[in-house]
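**Student:** Before I ask anything, here is the structure I am working with.
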């Protein structure tokens, strides 16, 4: 009996609530931890924060992968991070990610629907080293041409900005790559609504309107066309003068007997090749580009300029600038009988 009552008292004790009195401290729990000690420093093993931190190369690769994210803000932030990483890279050292990796990933964002993403993309493109752009000018031009013919006006205007930048860093490669000359001329004729009526092979397809949206857009298009024609038709080198005085006897007309400065000099004759697509062909020589421009686009542009110059204002000034570029670029092709006076 004694042991039974004792067990009952112990069980009842477990469920009894202690009575607290004023001024008396609360009893310490059995599992309480003593934190009354003091220490000047706490040393942890492998405490370095940079031990497992990702490198700048890995972070750039991560942000390149995030450019396919569905969020506009995430794509813009990733482009901003890549821009900062490239601009802050010490000179002489390789980029965190090479241009051969960056450009194929970001070039499709030329057609992005967010204006903030496109503007940040332009900043990224402008931060890239110029010597690495030329090898990818054909790919960039392909996406740029798709942007120029986009249904959205803001994307078409942005594509003009990309084209201006591309002509500034790799103008020779743009006009001489496959499809870079003939297809771009056809694209500009379509944008401006100028139709070549004299040529049976080319006629501008359905355009996006008389002025591509409004007068400001047309001015921008004509300015970009002037830059494009200047890169393809004009030359900064003065042609070699023929020596007729006989001062270098017995060497006569030496410049005509030198080795050519470009490969496959007689490619334009197409002696042994199959029928070629002139639009997708590479025109590396200035004379070839002048010939294609004269036969396929010059008549349409001249007729369009005659109408545009009458508008005056910014449109008239852009027309005058374009007229000047064509006159300078085609002067030696036409001789004294130039198409534009």
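The values are calculated or read from the model by the stated rules, or taken from the named source; none is laboratory data. Please read all numbers here as calculations on a predicted model, not as lab measurements. Note that we place each Cβ from the backbone using ideal geometry, even for glycine, and neighbour counts take in every protein chain shown.
**Student:** Could you list, in sequence order, all residues of region 279-291 that are in a helix (DSSP H, G or I) and either at pLDDT below 90 or surrounded by fewer than 19 Cβ atoms within 10 Å (Cβ to Cβ) (or both)?
**Tutor:** 286, 287, 288, 291 - these are the residues of region 279-291 that are in a helix (DSSP H, G or I) and either at pLDDT below 90 or surrounded by fewer than 19 Cβ atoms within 10 Å (Cβ to Cβ) (or both).
**Student:** Is there a residue being under 30 Å from residue 120 (Cα atoms), modelled with pLDDT of 75 or more and part of a loop (DSSP other than H, G, I, E, B) anywhere in region 46-60?
**Tutor:** yes
**Student:** In addition: Quick check, is residue 106 within 14 Å of the chain's Cα centre (by Cα), surrounded by 19 or more Cβ atoms within 10 Å (Cβ to Cβ), at pLDDT 90 or above and more than 19 Å from residue 56 (Cβ to Cβ)?
**Tutor:** no
**Student:** If you don't mind, there's one more thing I want to ask. Check region 31-41 and report whether any residue there is modelled with pLDDT under 75 and under 30 Å from residue 129 (Cα atoms).
**Tutor:** no
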